[in-house]
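A.B. asks: After the structure tokens below, expect a handful of questions from me.
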Amino acid sequence: KTYTVGNYLATRFEQIGLKHYFMVPGDYNLVLLDQLLWNKNMQQIGCCNELNAAYAAEGYARVNGVGAVITTFNVGAFSAFNGIAGANAESLPVIFVSSSYNTNDPSANHLLHHTIGSHDFAYQYDAFRQVTCASVRILHAENAPSLIDHAIVTALRERKPAYIEIACNLSDAPCPKPAPFEILLVSQPSNRQALDAAVETAAALLNNAKKPLLLAGVHLRAFKAIDAFRELAEALGCAVAVMPNAKGFFPENHPQYIGIYWGGVSSPGCESIVDWADMTLVAGPMFTDYTTVGWTALPHREQMIKADPRQVQFPQADYTEIALAEFLSALAKQVRKNDKTLIQFRREVRKAHEETEAHVAIENAPLTRVELCRQIQNDIDEKTTLLVETGDAWFNGMSMHLPGGARFEIEMQWGSIGWAVPATFGYAMGLERDRRLVSLIGDGSFQLTAQEVANMIRYGQHNLIFIVNNRGYVIESEIHDGPYNYIKNWDYAGLISVFNAEDGHGLGLKATTGKELADAIKKARKHRGGPVLIECQIAHDDCSPQLLKWGTKVAVANERPPRQA
Ligand SMILES: Cc1ncc(Cn2nnc(CCOP(=O)(O)OP(=O)(O)O)c2C)c(N)n1
């Protein structure tokens, strides 16, 4: 078998665990796409546009561990740019491949289509270098193996996207055959001395604390530290809270779970316990304006052990070259049990109020947000992943309880509206057969990338999508309102018949009352052969109290005047 650059790439794609990859064809990449089709163990999935293809690869990486997307030069790549930068923000290894010009053209002083019409062909590579952990350009076939392997190894190690540019006339050029793929799966062990020192320091701080507490952060999954975190939690026996973008990374039915810590919009009873703790170990956090509610919810450094993917920060010291999972696991063996924060939580939550079970709404009353959330909560089971889009959907999803085994997906770091529909498509492409995906998306966000629902119909995905039609950009209105937050209404449910055409089995339903919603969910649960979209119409000002509180504090942070010189 003589290898070509294209099927070298295809071989590596399969070896890192890709069963699907996403693309939009273009004249620069057609031969490369043929080369990739040579590998029958993977499916080539077309998307309506390259932004959606990048978001789909990002969503796929959430369930599969790694994703890939192929575009044509410039016009495809720059649409995908937002999705690749987003994968960087979300710490997801997406392999981005763009075809490019014929290697004879620069020396021939040629100008080319799909460029800005200059002789500089490097600006795409320069742009992507800013948002990837490795970026390579293949201009000579003999360099392809080492460049492709470098990009892939780095992406898998750093949990970040990588950029591979392949000249269009090299896609079918002969190249050496791949070395054993095990070389790609490098891990980065800790420095032994640093690890021992960090564990000793952390154990002393936690064992001397009167009220220790654990807080899960967003990087636990990316750095494969979810199990080690749970090991430490069960060794310590203390209260365990999670940051909003780590929801689902610690089981919500676990007896030590006390909820989402998100400042003033935390789960009931959670904030006071986190603030009461005298030593908090936070594992893999991203403290941003959004996750700290405009800098109002940040544990104090002198009462915090901050364990990041490759370093641990103590009140008086920073230790580097320490792998997060190894640190948490080693620490679990050195800590003594102390459940004071958990006991206190149970006292407070019992005293404060029993979970006010939302009551069933009057059947034919206009649908409300509370009734919508109550019914979605009842629809979530241990096989469900709940995926929420930027918007009030964040807060509605955040307050939902995940039964054991249920999962949660959110894009809080990048927060790019339009992500959810293609990410649903990509996530569903990689989802285990016996599981289901439920997405909660606002009308405003839906309008950015709605057309990818057509590909859910094409592939017969059984996704259930709730479109919350509150007539506009309500999250924006709550941060800072203006005429720009109001949009043209669509017949969202009616879109499905447009996308079905003569050959689809999608189902579009409208719900304006609790009864209509209950009937729609029943139909959705029975529907086969395609996705179900339920357009839930609620009042414009019917938003979560958490959004109101959070939006006010974020607005204050946004509007701080420039520091006087
Ligand atoms: C790509 C991108 N463009 C603009 C924004 C700013 N933005 N954030 N949320 C929104 C509105 C979301 O509205 P909906 O999806 O209807 O959600 P609701 O909050 O439920 O109304 C915007 C316009 C954004 N976050 N991402």
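A.B. asks: Suppose we keep just the DSSP beta bridges with both residues in the chain; what percent of those would be antiparallel, to 5?
C.D. replies: 10 percent
A.B. asks: Determine the order of His540, His359, His462 by accessible area, beginning with the largest, at a probe radius of 1.4 Å.
C.D. replies: His359, His462, His540
A.B. asks: Of the options His113, Asn191, Thr11, report the single residue whose Cα projects farthest towards the positive end of the charge dipole of the chain (beta-carbon charges: Lys, Arg +1; Asp, Glu -1).
C.D. replies: With unit charges placed on the Cβ atoms, the residue in question is Asn191.
A.B. asks: Quick check on packing: order 378-387, 505-514 by the mean number of other C-beta atoms within 10 Å, highest mean leading.
C.D. replies: By packing density, highest mean first, the sequence is 505-514, 378-387.
A.B. asks: Now a separate question. May I ask which residue of Gln316, Leu367, Leu387 lies farthest towards the positive end of the charge dipole of the range 308-444, with charges of +1 (Lys, Arg) and -1 (Asp, Glu) on Cβ and the Cα centre as origin?
C.D. replies: So the residue we want is Gln316.
A.B. asks: I would also like to ask the following. For the chain, report the accessible area per residue in Å² (1.4 Å probe, heavy atoms, rounded to an integer).
C.D. replies: Accessible area per residue, the chain: 41 Å².
A.B. asks: Mind jotting down the distance between the C-alpha centroids of the range 312-334 and the range 402-443, whole Å?
C.D. replies: 31 Å
A.B. asks: Net charge within 11 Å of Asn88 by Cβ-Cβ distance, Lys/Arg positive one each and Asp/Glu negative one each, not counting Asn88 itself?
C.D. replies: -1
A.B. asks: With +1 on each Lys and Arg Cβ and -1 on each Asp and Glu Cβ, how big is the dipole of the chain about its Cα centre, in debye rounded to the nearest 20?
C.D. replies: 1200 debye
A.B. asks: While we're here: Note down the nm distance, to one decimal, between modelled labels 7 Å out along Cα→Cβ at Asp278 and at Asp27.
C.D. replies: The modelled label-to-label distance comes out at 7.3 nm.
A.B. asks: Can I ask one more? Just report the Cα centroid separation between the range 1-34 and the range 478-544, whole Å.
C.D. replies: Here the answer is 37 Å between Cα centres.
A.B. asks: Let me ask you something else. Roughly how many percent of the accessible protein surface of the chain is carbon and sulfur, given a 1.4 Å probe and a whole-percent answer?
C.D. replies: It is 53 percent, rounded to a whole number.
A.B. asks: Would you work out if the range 99-225 is rounded, prolate or oblate? Take a ≥ b ≥ c from the square roots of the eigenvalues of the alpha-carbon gyration tensor; rounded if a/c is under 1.5, else prolate when a/b is larger than b/c, oblate otherwise.
C.D. replies: Taking the square roots of the gyration eigenvalues as a ≥ b ≥ c, the range 99-225 is prolate.
A.B. asks: Still on this structure, please answer the following. Please list, in chain and number order, the residues 5+ apart from Ser98 or on another chain whose amide H is under 5 Å from its amide H, with Hs placed from the backbone.
C.D. replies: It is Thr71, Ile164, Glu165, Ile166, by chain and number.
A.B. asks: Now for a different question. How much length is gained on full extension from Asp34 to Asp339, taking 0.36 nm per residue of separation minus their Cα-Cα distance?
C.D. replies: Between Asp34 and Asp339, full extension yields an extra 103.9 nm.
A.B. asks: Which value at 222 nm does the chain reach when only helices count, each DSSP H run of 4 or more adding -39,500 (n - 2.57), with the total divided by all residues and rounded to the nearest 500 deg cm²/dmol?
C.D. replies: Roughly -11000 deg cm²/dmol at 222 nm, from the helical runs in the chain.
A.B. asks: To the nearest 20 debye, what is the magnitude of the charge dipole of the range 434-525 about its Cα centre, counting +1 on the Cβ of each Lys and Arg and -1 on the Cβ of each Asp and Glu?
C.D. replies: That gives a dipole near 360 debye.
A.B. asks: May I ask for the net charge around Asp392, where only other residues with Cβ less than 13 Å from the Cβ of Asp392 are counted and Lys, Arg are +1 while Asp, Glu are -1?
C.D. replies: Local charge sum for Asp392: -3.
A.B. asks: With every protein chain left in place and a probe of 1.4 Å, what is the accessible surface of Met42, to the nearest 10 Å²?
C.D. replies: Solvent-accessible area, nearest 10 Å²: 20 Å².
A.B. asks: Which net charge results when you count Lys and Arg as +1 and Asp and Glu as -1 among the other residues whose beta-carbon is under 10 Å from that of Leu220?
C.D. replies: Here the count lands on +2.
A.B. asks: Can you tell me which aspartates and glutamates have their Cα less than 17 Å from the Cα of Lys340? Leave out same-chain residues fewer than eight positions away.
C.D. replies: Here the aspartates and glutamates satisfying the reach criterion relative to Lys340 are Glu234, Glu271, Asp275, Asp278, Glu348.
A.B. asks: Tell me which lysines have Cα within less than 21 Å of Lys1's Cα, excluding those fewer than 8 residues away on the same chain?
C.D. replies: Result set, ordered by chain and number: Lys40, Lys177.
A.B. asks: Spin-label point model (7 Å from Cα, Cβ direction): what's the Arg528 to Asn41 distance in nm?
C.D. replies: About 3.2 nm, to one decimal.
The values are calculated or read from the model by the stated rules, or taken from the named source; none is laboratory data. Computed from a prediction, not measured in an experiment: that's the story for all the values here. Backbone-built Cβ (ideal geometry, glycine too); neighbour counts: all protein chains shown. What goes into the accessible areas is simple: the full protein's heavy atoms, side chains included, and nothing from ligands, DNA or RNA. Shrake-Rupley method; radii C 1.70, N 1.55, O 1.52, S 1.80 Å.
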